[in-house]
Each structure stands twice: as structure tokens, then as C-alpha cells.
Amino acid sequence: MQDYEIVRLCLQDRTEYFEKLVDRYQKLVYSLAWTYLKDPQLAEDASQEAFVKAYKHLASYNPEYKFSTWIARITTNTCTDLLRKRKDLCPIDDAFEVIDPEDTPEQQVIGRETKSRLEALINGLDPKYKQPLMLYHLSGMKYDEIAEYLDVPMSIVKNRIYRARKMLRQAMED
Amino acid sequence: MKRCITSKDFNRFLEDSLDPGSLARLQAHCRECRTCAGKLESWRKLKEKLSTATSIAIPDGFKEKVMYRITNERILPVRSVEVKQGLAVAIILTAILYGIFRPFLGPVLSGMASNLLKSLSVVLYNFLSAIGIDPSVLIRLFGNIMANFQKLLPLFMVTTALMVIAFILLIVKGRTVRQSG
């Protein structure tokens with residue numbers, strides 16, 4: 001079932017269908033919130049808030065655009081508001097810093113060495129490469145969704161992700 | 001030896017977007033070409049590391065919490081584009097009409113504002129008297145302010161009008177809530 005069909009059903013008081021949208025986009029919303037807030041509890045609160053806002057404003061959703069980019073924007077705005085209230089706004093360049101919130105102590109020990117280098121390399125990338133790369137790998141967005149979200153042509157998104165990977169591979173080989 | 005694998009093909013391999021034929025060719029070539037086999041290995045490592053370094057787990061019961069929260073919410077009606085356009089047209093027309101008829105409307109409007117102000121003053125005077133405050137003190141204060149800062153008069157009028165509107169809205173909203181409850 002397409003997103004716009006689910007939205008239409010929700011607008012007809014079939015609220016239970018909203019669960020499908022939550023199912024589809026929870027990873028995107030949570031990971032986006034995480035990249036901005038870098039705190040599991042805050043990210044969860046912001047993600048829930050983003051879904052509630054999306055639900056309340058479902059009537060204003062324009063099906064010409066992808067639901068993913070619409071909810072991604074709501075999430076970004078929610079996080080920005082939250083950070084503004086907390087007055088510890090994370091600079092947008094640092095927003096896509098790689099940190100795994102769910103590592104257990106064992107995983108942290110085992111994976112730290114192998115991950116830390118890649119994390120450092122990703123964090124060292126220019127934000128214009130890091131952001132689409134993280135949206136693709138962390139948030140699970142597709143090329144066209146990233147293009148719509150970042151408001152750049154899809155060819156640029158593809159190229160930046162490709163170049164980011166190439167830079168990472170070369171840096172890892174060095 | 002066949003043509004070597006390009007970085008773009010390795011990139012497609014990394015995101016699993018190679019068609020089965022191309023994938024088979026890539027694997028066959030890498031069995032013969034050491035350079036490409038090395039590159040394939042490094043791309044594969046990058047793929048694995050990217051998937052682990054960027055993995056993120058959704059908190060337990062997240063979906064249920066969201067669904068529970070929305071049970072207390074309702075979908076807000078959207079103000080249609082036509083209403084917004086109509087409002088914009090009405091504002092522009094009003095501004096144009098006011099511009100044209102300003103010489104006639106000016107005195108009429110200021111007279112209306114003056115009467116409104118007088119009525120409000122009476123209400124305020126009575127209200128202050130009723131709660132035991134001497135209105136003359138406030139009136140003198142207001143008179144002094146107005147005498148010294150005449151430019152504040154329009155601001156005062158606008159603020160008063162907004163307060164009256166807010167007051168009326170509060171009464172109407174309160175009545176609506178009581179009716180529905």
C-alpha cells in the first residue's frame with residue numbers, strides 16, 4: 001500500500017493505519033533525531049514528537065512529495081526546536097557525527113577498534129559528502145529521497161555518496 | 001585480460017545495485033585479476049564497516065508509544081489555499097480602498113476609535129472603582145504618559161483593540177468549551 005493511500009485512510013478516521021507509516025519510517029526518524037541530538041532519550045522523545053506532529057498535520061501532507069522527505073523535515077524542525085529550547089544547538093556540520101547509541105559494553109570493546117577508524121574518517125569528511133552518506137547508510141533513505149530532502153538533483157546526491165565512499169576506501173587503504 | 005572493473009561498478013556492488021550478469025562478470029574478472037580482487041576486497045570491507053558503523057537500533061516499544069500518543073490527538077483541519085488567497089485579496093482590497101477614501105475615512109475611523117476609547121475608559125473607570133482602586137491615579141498617570149509621549153497613542157489604541165479582541169475570543173472559546181463539554 002502506498003503512503004498516500006495510508007494517509008487517505010487515516011484522514012477517514014482509520015487511525016490504525018498510521019501504524020504502517022510508523023513502521024516504515026521509524027528508522028529514518030529516529031536515526032535523523034539521533035544524528036542531531038546525540039542522546040538516546042532525547043532522540044526518542046523528538047522522534048515521538050515528530051510522528052505526533054505528522055499525524056496532527058496529515059491533512060496538510062501533499063502527496064506530490066514523498067512522505068519520507070516530509071517526515072524527515074518535520075523531524076529536523078522538531079530537533080531544531082528542541083535544541084533551541086535547550087540552548088546547546090549542535091552545529092549542522094557536526095550533526096552527522098557517527099556514534100552508536102546501542103552498543104553494549106562487549107560490543108564497544110570488540111567493535112571499537114574496527115569502527116573507530118571508519119567513524120573518524122566519516123567524521124572527517126566534508127559535510128556535503130558526509131550528510132548524504134549518513135542519510136543513505138544510517139537513515140536508510142534512497143537517492144531520490146535524499147535529493148528531495150536536501151533539495152539538490154539526484155545526480156549530485158549519487159555523485160557525492162560515490163565520492164564519499166571512494167575517499168573512505170582510499171583513506172582506509174592508506 | 002578483460003577490461004578492469006571501474007570504481008563506479010565497485011560502488012554499485014557496494015549498494016547491491018549490480019544486475020546478476022554484471023555481478024557474475026565482476027566476480028569472474030576478480031578471480032583472474034589480482035588488482036581488481038584487491039579492490040573488491042577493500043570495497044567489501046568498506047561495505048561491512050559502513051553497515052556496522054552506522055547501524056542504529058530503534059528503542060523497544062517505540063511504535064506502541066507513538067500509537068498510544070496519537071490516540072489522544074486529532075488530525076487538524078487544513079486551511080485551504082482558496083481561503084488563504086481570499087484573505088490576501090481582501091487585505092489588499094481593503095488597503096486600496098482605504099488609500100482611495102482616506103480623506104473621508106480618516107476622520108470617521110478616528111471618531112470611531114475615539115468613541116471606542118471613551119467607552120473602554122468608562123468600563124475601566126467603573127471596574128477600578130468596583131474593585132476599590134482610585135481611577136484618578138491611573139488616569140493622571142495615563143494623561144502624563146500621553147502628554148509626554150503623544151506618539152504612543154496609536155500603539156496604545158492598537159494594544160487596547162487587541163486586548164478587547166482577545167477578551168472577546170476568550171469568552172467565546174470558554175462558551176464553546178462549556179457547550180461541548
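The values are calculated or read from the model by the stated rules, or taken from the named source; none is laboratory data. As the structure is a prediction and not an experimental result, all values here were calculated from the model. Please note: Cβ atoms are built from the backbone with ideal geometry, for glycine as well, and neighbour counts cover all protein chains shown.
Can you confirm whether A:Ala46 is part of a helix (DSSP H, G or I), within 11 Å of chain B (Cβ to nearest Cβ) and closer than 19 Å to B:Arg69 by Cβ?
On the way: part of a helix (DSSP H, G or I): yes; within 11 Å of chain B (Cβ to nearest Cβ): no; closer than 19 Å to B:Arg69 by Cβ: yes.
Taking the combined requirement at face value, the residue does not satisfy it.
B:Leu76 versus (1) without any contact (Cβ under 8 Å) to a residue 40 or more places away in the chain; (2) in a helix (DSSP H, G or I): which is the lone unmet condition?
The number of the failed condition is (2).
For segment B:2-17, enumerate the residues that are away from chain A (no Cβ under 14 Å) and within 22 Å of A:Met167 (Cβ to Cβ).
To start, the set of residues in segment B:2-17 that are away from chain A (no Cβ under 14 Å) comprises B:2-4.
If the condition is that a residue be away from chain A (no Cβ under 14 Å) and within 22 Å of A:Met167 (Cβ to Cβ), then B:Cys4 is the only one that fits.
If you go through segment A:21-31, how many residues are at the interface with chain B (Cβ under 10 Å from one of its Cβ atoms) and either more than 14 Å from the chain's Cα centre (by Cα) or among the aliphatic types (A, V, I, L, M) (or both)? Spell out how you get there, then give the answer.
First pass over segment A:21-31, keeping only residues at the interface with chain B (Cβ under 10 Å from one of its Cβ atoms): A:21-23, A:26-27, A:29-31.
Those still in the list that are either more than 14 Å from the chain's Cα centre (by Cα) or among the aliphatic types (A, V, I, L, M) (or both) too: A:21-23, A:29.
Residues that pass the stated criteria total 4.
State yes or no: is B:Lys49 in a helix (DSSP H, G or I) and assigned by TED's automatic domain parsing to the domain that holds B:Cys30? Break it down stepwise before answering.
Details: in a helix (DSSP H, G or I): yes; assigned by TED's automatic domain parsing to the domain that holds B:Cys30: yes.
It is true that B:Lys49 is in a helix (DSSP H, G or I) and assigned by TED's automatic domain parsing to the domain that holds B:Cys30.
Which one of the conditions (1) within 24 Å of A:Ala54 (Cβ to Cβ); (2) in contact with an Asp or Glu (Cβ under 7 Å, 6 or more places away or on another chain) does B:Asp60 fail to meet, given that it meets all the rest?
(2)
Consider B:Ile58 against the criteria (1) at pLDDT 85 or above; (2) assigned to a helix (DSSP H, G or I): it satisfies all of them except one. Which criterion is unmet?
If we test B:Ile58 against (1) at pLDDT 85 or above; (2) assigned to a helix (DSSP H, G or I), just (2) comes out false.
Considering only segment B:24-45, I want to know if a residue exists there that is away from every other protein chain (no Cβ under 13 Å), surrounded by 11 or more Cβ atoms within 10 Å (Cβ to Cβ), part of a loop (DSSP other than H, G, I, E, B) and not polar (S, T, N, Q).
yes
Being in contact with a Gly (Cβ under 9 Å, 6 or more places away or on another chain) and of a type in the set (Val, Ile, Thr) is the filter here; which residues of segment B:11-55 pass it?
The answer is B:Thr52, and nothing else.
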